[in-house]
Amino acid sequence: MAELKEIAKELLTSGTVAYIIGYASEKNDKTVPFIARTVEDAEKLVFTHHSVNNLSVYLKRIKKPESGKVGLVVKGCDLKAVVALIQESQSKREDIYIISPKCNTVVSDNTKPWNKDNIASKCLSCEVRTPSLFDATFGEIETVELPSDEQIELIKKVEAMSTSEKWEFWKNEFEKCVKCYACRQACPLCYCDQCIVDKASPRWIDSSATVQGNFAWNMIRAFHLSGRCIGCEECNRVCPVDIPLSLLNRKMSMFAVSEYDYKAGTSIEEPTLVGTYKLTDNEDFIK
Amino acid sequence: MAENSFEPKITAFVCNWCTYTGADLAGTSRLKQQTNARLIRLPCTGRIDPVFIMKAFQNGADGVLVSGCHPGDCHYNAGNFHARRRWAMFKEMMDFLGIDNKRLHFSWVSASEGKKWVDVIDGVINTVREQGPFTQYKDINKETEIPVK
């Protein structure tokens, strides 16, 4: 953590960055997003097991600072969102100073202490605890004992269901939706200036929280993220009614890997999955 | 017909350059076909947003067919290649959400394939007829009190 503060102070003093988006401690162990603009602010920056938020979400609406870059503290998993934003021309690599720590997993519940039973589900299949793309890094990798990945088991369980069972499963989940759009706001890749659900002419998706509107919204939200979702699971974390949104996202990411050998957010140069095609793409399902 | 009086409503999203013209050819050639499909003509399969498919189900369609030019024949060169990826993903997602793939069909029909169009559309109509009305989606419409047209 001292390393982070040193890096931040130097960057702010030298004017390399205009500000640094990072984490600061709140009461107990909890951390909150924090923007450090001065050297004094840099003292407050921390990175702990409680640094759960995906801060790349702040890149969505950001204006380029007048001088210097935007400093961003991102974990390896969230870094994929930065890569995806660059791939999709929403950000420029040269505008962002990436400070990516070596991460020893984060908590699932930010109000409770980190332990074996309080580890975020995205960490269970993490391959990027040591980041691959960064301007500065810090920390050391420690061995962490991980519980089994229940989400993947649930995906297999849903896949094995009959059509009507699947429908009932999702209907029960989507019925809870209150249309708060927290999933959209927290998602680093949901950056449209006008979301399709806000379009009123024509009204594609019923914007009130009706069963049909909920189904339409969740279906289209997941589809718009198919092959783009980087799996930070922020949608899951912020959902006030605990709909397993990332279950659907992860299923589609798995499909993108198995069908097109495409992993979102891995390479800046690679074209996006839906932005390109291959002549040899499977078309067995087309008559 | 006597034992099963259900007639499905099929929405077919077709591209202007190939499948629509192919269906037109089927008509002008006086080929016999079932008439359960409502054709919606769009410039290209690349223009067929999956939200259209969802909207069709919302508005009471029992099945949907999406059809366009064969790969390599696209009027806009690559529209159908892009669409192919999108469909594959949309179909996979629909299946995971519990919408039967027997209600969602895709095909390539060129402007000269009037006969293929008849085979495809009859096939789709027969498959969906076997499935019966799409009550799952109609029920959520009812709960929402949006009238099904």
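The values are calculated or read from the model by the stated rules, or taken from the named source; none is laboratory data. This one's a predicted model, so the numbers in the text were calculated from it and none came from an experiment. A quick note on method: Cβ atoms are made from the backbone with ideal geometry, for glycine too, and the neighbour counts reach across all protein chains shown.
Checking each residue of segment B:58-68 against the condition of being without any contact (Cβ under 8 Å) to a residue 60 or more places away in the chain and either over 13 Å from B:THR11 (Cα atoms) or assigned to a helix (DSSP H, G or I) (or both) gives at least one match. Taking B:GLU92, is it surrounded by fewer than 16 Cβ atoms within 10 Å (Cβ to Cβ), within 28 Å of A:SER162 (Cβ to Cβ), facing chain A (nearest Cβ under 7 Å) and of a type outside the set (Gly, Ala, Ser)? So B:GLU92 fails the test.
Restricting attention to segment A:168-178, the residues being charged (D, E, K, R) and either crowded, with 17+ Cβ neighbours inside 10 Å or touching an Asp or Glu at 6+ places or on another chain (Cβ under 6 Å) (or both) number 2.
I'd like to know if segment B:82-95 contains one or more residues that are among the aromatic types (Phe, Trp, Tyr), over 16 Å from B:PHE52 (Cα atoms) and either within 14 Å of the chain's Cα centre (by Cα) or in a helix (DSSP H, G or I) (or both). Checked against the condition, which is being among the aromatic types (Phe, Trp, Tyr), over 16 Å from B:PHE52 (Cα atoms) and either within 14 Å of the chain's Cα centre (by Cα) or in a helix (DSSP H, G or I) (or both), segment B:82-95 yields no hits at all.
Okay, residues lined up against (1) touching a Ser or Thr at 6+ places or on another chain (Cβ under 6 Å); (2) of a type outside the set (A, V, I, L, M, F, W, C); (3) loosely packed, with under 15 Cβ neighbours inside 10 Å:
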residue: A:THR13; (1), (2), (3): no, yes, yes
residue: A:THR38; (1), (2), (3): no, yes, yes
residue: A:LEU45; (1), (2), (3): no, no, no
residue: A:HIS49; (1), (2), (3): no, yes, no
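Does B:VAL64 satisfy being within 24 Å of B:ASN126 (Cβ to Cβ) and under 11 Å from the mean Cα position of the chain (by Cα)? The answer is yes for B:VAL64. Inside segment B:99-115, residues that are assigned to a loop (DSSP other than H, G, I, E, B) and buried (at least 23 other Cβ atoms within 10 Å of the Cβ) make up a count of 2. Evaluating B:ARG41 against the criteria (1) surrounded by 21 or more Cβ atoms within 10 Å (Cβ to Cβ); (2) more than 10 Å from chain A (Cβ to nearest Cβ); (3) in contact with a helix residue (DSSP H, G or I) (Cβ under 8 Å, 6 or more places away or on another chain) leaves one unmet condition, (1).
Per the listing B:ASP73, B:ASP49, the residue uniquely more than 9 Å from chain A (Cβ to nearest Cβ), free of Cβ contacts under 8 Å to residues at least 60 places away in the same chain, under 18 Å from A:TYR277 (Cβ atoms) and among the charged types (D, E, K, R) is B:ASP73. Restricting attention to segment A:181-217, and to residues there that are surrounded by 22 or more Cβ atoms within 10 Å (Cβ to Cβ), over 16 Å from A:ALA84 (Cα atoms) and touching a residue at least 40 places away in the same chain (Cβ under 8 Å), which single residue is farthest from the other protein chains (Cβ to nearest Cβ)? Applying the filter and picking the extreme gives A:CYS183. Restrict the check to segment B:109-126 and report whether at least one residue is under 14 Å from the mean Cα position of the chain (by Cα), in contact (Cβ under 8 Å) with a residue 12 or more places away in the chain and closer than 20 Å to A:VAL274 by Cβ. No, the conditions are met nowhere in segment B:109-126. Output yes when any residue across segment B:2-11 is modelled with pLDDT under 95 and touching a Ser or Thr at 6+ places or on another chain (Cβ under 8 Å), and no when none is. Looking through segment B:2-11, none of the residues is modelled with pLDDT under 95 and touching a Ser or Thr at 6+ places or on another chain (Cβ under 8 Å).
Can you tell me how many residues in segment A:55-101 are in contact (Cβ under 8 Å) with a residue 40 or more places away in the chain and in contact with a Lys or Arg (Cβ under 7 Å, 6 or more places away or on another chain)? Matching residues across segment A:55-101 total 6. A Cβ distance below 7 Å, combined with a sequence gap of six or more or placement on separate chains, defines the contacts here; from segment A:246-271, residues that are surrounded by fewer than 19 Cβ atoms within 10 Å (Cβ to Cβ) reach residues that are not in a helix (DSSP H, G or I) in the pairs A:VAL257/A:LYS263; A:GLU259/A:ASN282.
Among the numbered conditions (1) over 17 Å from A:LEU189 (Cβ atoms); (2) surrounded by 20 or more Cβ atoms within 10 Å (Cβ to Cβ), the only one that A:THR143 does not meet is (2). Checked against (1) out of contact with any strand residue (DSSP E or B) (no Cβ under 6 Å at 6 or more places or on another chain); (2) buried (at least 19 other Cβ atoms within 10 Å of the Cβ), A:ILE286 passes all but a single condition, namely (1).
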